[in-house]
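Student: One structure, pasted below without further comment.
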Amino acid sequence: MCKSGLVLALTATVLLIISCIAADKNKSKYPSPVAKTENYKTTKTPVTKKSSAEKPAPKYSVSNRAGEIATYADQKGYSTKYCFLIDMSLPSGQNRFFVYDLKKKSVSYSGLVAHGSCNERFISQARFSNTNNSGCSSPGKYKVGVLYRGQYGESFRLHGLDKSNSNAFQRGVVIHGYDCVPDEEIYPRVLCNSLGCPMVSYNFFDKLSGIIQQSEKPILLWIYQ
């Protein structure tokens, strides 16, 4: 190889090295693809979808209602160990019958309970009446009475203690079980209707029966909305 050829080769090599160094310096001015991805993730706002089956919250806390009924029970000579609370503001497919332990100040059991149809084919939300043969539920406090065997098997008679449910006994409003009421929540689906009785599943009725029959004093039931 001649001297001129060697000089040209060395010159080309030096220029290549210089261009690579310059390219590396320029490349460091721009973020890498990984850096771009990380910056994007930190600025992206996640979208939260609200579930259509989200359970509605009760209008009033069970513990507050229990506190009110505990005072009433103590003054009137009813059981101060347990009370039954039915929150008709909740949908029928959700547990809304609460067995409340007044000593422990906590819910011992909860279950599904049907409301009255008001003599219609079906109503999804409770409506109230104290009129005979109305087929509606009646709000207010009740004394849970004696066990008897009726049209739907074992049932507990109910005695209305307020003006809003004073006709409950003569209307035949009772606690009873029925096979259209399941043991587990079915929300957002709705429950079958009764003819005005607080109608529960047979298994839940058995739990209520055990508590009622072991109680030394009558137990209070409160239906409210």
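Student: With every protein chain in place, what's the accessible area of Glu184 (1.4 Å probe, Å², nearest 10)?
Tutor: Accessible surface of Glu184 is approximately 130 Å².
Student: Could you tell me the relative contact order of the stretch 141-225? Use alpha-carbon pairs under 8 Å, at least six residues apart, and round to a whole percent.
Tutor: So the answer I get is 30 percent.
Student: Modelled label-to-label distance, Tyr202 and His159, 7 Å Cα→beta-carbon offset: nm?
Tutor: Roughly 3.0 nm, to one decimal.
Student: So what does Tyr224 come to for accessible area, using a 1.4 Å probe and Å² rounded to 10?
Tutor: Taking all protein chains as shown, Tyr224 has close to 10 Å².
Student: State which entries of Lys59/Lys207; Lys141/Lys217; Lys59/Lys217; Lys55/Lys207 exceed 22 angstrom in Cα-Cα distance in the structure shown.
Tutor: Lys59/Lys207; Lys59/Lys217; Lys55/Lys207
The values are calculated or read from the model by the stated rules, or taken from the named source; none is laboratory data. Just so it is clear, the model here is predicted, and its values are computed rather than measured. Using ideal geometry, Cβ is built from the backbone for each residue, glycine included, and neighbour counts are taken over all protein chains shown. These area figures cover heavy atoms from the full protein model, side chains too; ligands, DNA and RNA do not enter into them. Shrake-Rupley method; radii C 1.70, N 1.55, O 1.52, S 1.80 Å.
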